1. If residue 59 passes every condition in (1) more than 21 Å from the chain's Cα centre (by Cα); (2) without any contact (Cβ under 8 Å) to a residue 24 or more places away in the chain but one, which one does it miss?
2. Mind counting the residues in the stretch 61-86 that are more than 27 Å from residue 43 (Cα to Cα) and open to solvent by 30 Å² or more (accessible area, probe 1.4 Å)?
3. How many of the residues in the stretch 27-59 are over 30 Å from residue 103 (Cβ atoms) and open to solvent by 90 Å² or more (accessible area, probe 1.4 Å)?
4. Which residue is nearest to residue 104 (Cα to Cα), if the candidates are limited to the stretch 67-89 and must be among the charged types (D, E, K, R) and in contact with a helix residue (DSSP H, G or I) (Cβ under 8 Å, 6 or more places away or on another chain)?
Amino acid sequence: MNKFWIVLSHTYMSRLKTKSFIITTILSLLLIIGLANIQKVIDLFSEEDDKDRIAVIDETENVYDSLAGIIENADGSIEVEQYDGSVEEAEAAVLDDAYQGLLHVVPNDETIIEATYHSNQSSFSMIENQLESHLQQIKVTLATNQAGLDQAVIQDIYSPFVFEKVMIEDPDNGGQTAKTEEELNGARGLV
């Protein structure tokens, strides 16, 4: 058995000192570090101005400012620009790749505002989702202002309700309860 450890240590050390082992280890480490930081590498080589420019024709005259404020605070990927021409001219600008799309906002009696997104891409994109979400917020704000609701009432409506979680003790099981979230996370970590 004594010779086994001598042979093992000699073989291990001779393999450890080979150039191929050292180079393979270094390349593996560089690959792992590169994959862990792939987003930073991509951001390093990508252009600074990757924002999608959206032309906005606002016929209500009060939606654009709110939309620009919301997008400035929320999104880093969209940039809106007020367009003064007609819808046809804006569509031509979208086709010439001056803009990613066109948002046309008009007043409506039933729903306060109505919007149409014009794009030269047929697939449903994240831009449309984000614009729709932001316009829904603006619509709610305009509707509450038209209804004359107090700002405190609006905050009460949108404030989260209290929701508590209580564990029930099992008297048949010696008063033990189900596992807490911390205990479950600890078990997951061990697994």
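The values are calculated or read from the model by the stated rules, or taken from the named source; none is laboratory data. As the structure is a computational prediction, the values presented were derived from the model and not from experiment. Quick reminder, even Gly has a Cβ in these numbers, built from the backbone with ideal geometry, and neighbours come from all protein chains shown. Note: areas computed on protein heavy atoms with side chains; ligands, DNA, RNA excluded. Shrake-Rupley method; radii C 1.70, N 1.55, O 1.52, S 1.80 Å.
1. (2)
2. 9
3. Narrowing the stretch 27-59 to residues over 30 Å from residue 103 (Cβ atoms): 27-38, 40-41, 44-45.
Next, only the ones that are open to solvent by 90 Å² or more (accessible area, probe 1.4 Å) stay: 27, 29-33, 35, 40, 44-45.
Number of matching residues: 10.
4. Initially, the stretch 67-89 is screened for residues among the charged types (D, E, K, R), giving 72, 75, 79, 81, 84, 88-89.
Within this subset, residues satisfying the condition of being in contact with a helix residue (DSSP H, G or I) (Cβ under 8 Å, 6 or more places away or on another chain) are 75, 79.
On the way: 75: 20, 79: 15 Å.
Among those that are among the charged types (D, E, K, R) and in contact with a helix residue (DSSP H, G or I) (Cβ under 8 Å, 6 or more places away or on another chain), it is 79.
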